[in-house]
Amino acid sequence: SGEVTSIGERAFFGTPWLAARQSEQPLVVVNDIVVDGAACGARVVIPPSVKSVSGWSFFNCFALRQLCLSSPDIKLEGHAFRNCINLDSVRLADDREFRLRSIADVADEALPEAVRQIFADSYNCFKTDEEYQLVECTGNIERLILPRGIVAIGDGVFNDSNLLTHIR
């Protein structure tokens with residue numbers, strides 16, 4: 001069985017091959033593994049044939065607002081949805097829908113593990129303390145929308161945000 005069962009994070013990043021696949025279909029799937037979704041639009045449905053989503057495959061997919069997982073057994077690699085800061089809804093295969101309304105949702109223990117991971121990945125660029133004061137903002141994002149629930153912005157938070165041109 002020489003079938004590829006795992007593809008590392010950002011394995012095809014920046015390659016002409018990936019650019020060609022994105023122009024055909026924004027959700028790039030290889031051997032039932034999502035390897036890239038960064039060019040996807042507001043609503044993404046991960047097909048039931050997909051077994052896993054590679055790490056960083058949706059990195060900085062700012063258009064993504066709603067994610068639908070069609071399989072209950074899908075494996076999500078770490079940081080698969082990193083910095084998808086506009087994501088606000090995840091629908092699971094059993095039709096349960098979960099909303100990302102606040103930075104506090106990232107730590108909600110009542111959420112299914114996959115949803116909590118997706119929410120944490122989405123807000124990964126926002127580092128807060130226990131009281132939800134923003135202490136660090138990473139990711140080099142040009143147009144930043146702060147999530148609800150952040151009560152204060154600490155000193156030097158945007159020092160390394162050299163692409164930041166707009167904040168709301």
**Which numbered condition PHE119 misses (of (1) open to solvent by 10 Å² or more (accessible area, probe 1.4 Å); (2) at negative phi)** = (1)
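Looking only at region 27-72, which residues are among the polar types (S, T, N, Q) and more than 22 Å from GLU142 (Cα to Cα)?
Answer for region 27-72, where residues must be among the polar types (S, T, N, Q) and more than 22 Å from GLU142 (Cα to Cα): ASN31, SER49, SER52, SER54, SER70, SER71.
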**Request:** Test SER54 against the criterion of being under 23 Å from PRO26 (Cα atoms) and small (Gly, Ala, Ser), and give yes or no.
**Result:** yes
**Request:** Consider VAL30 carefully, then state whether it is at pLDDT 95 or above and aliphatic (A, V, I, L, M).
**Result:** no
**Item:** Evaluation of VAL90 against (1) touching a strand residue (DSSP E or B) at 6+ places or on another chain (Cβ under 7 Å); (2) more than 22 Å from GLN25 (Cα to Cα); (3) open to solvent by less than 50 Å² (accessible area, probe 1.4 Å) (one fails), failing number
**Value:** (2)
**Item:** Top-ranked residue of region 1-29 - restricted to ones that are in contact with a strand residue (DSSP E or B) (Cβ under 9 Å, 6 or more places away or on another chain) and aliphatic (A, V, I, L, M), ranked as nearest to GLY78 (Cα to Cα)
**Value:** ILE7
**Asked** Taking into account only those residues within region 14-36 that are more than 17 Å from SER49 (Cα to Cα) and without any contact (Cβ under 8 Å) to a residue 12 or more places away in the chain, which is surrounded by the most Cβ atoms within 10 Å (Cβ to Cβ)?
**Response** ALA19
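The values are calculated or read from the model by the stated rules, or taken from the named source; none is laboratory data. Since this is a predicted model, take the numbers as computed values, not measurements. Cβ atoms come from the backbone with ideal geometry, glycine included; neighbour counts cover every protein chain shown. Just the protein is used for accessible areas: all its heavy atoms, side chains included, with ligands, DNA and RNA removed. Shrake-Rupley method; radii C 1.70, N 1.55, O 1.52, S 1.80 Å.
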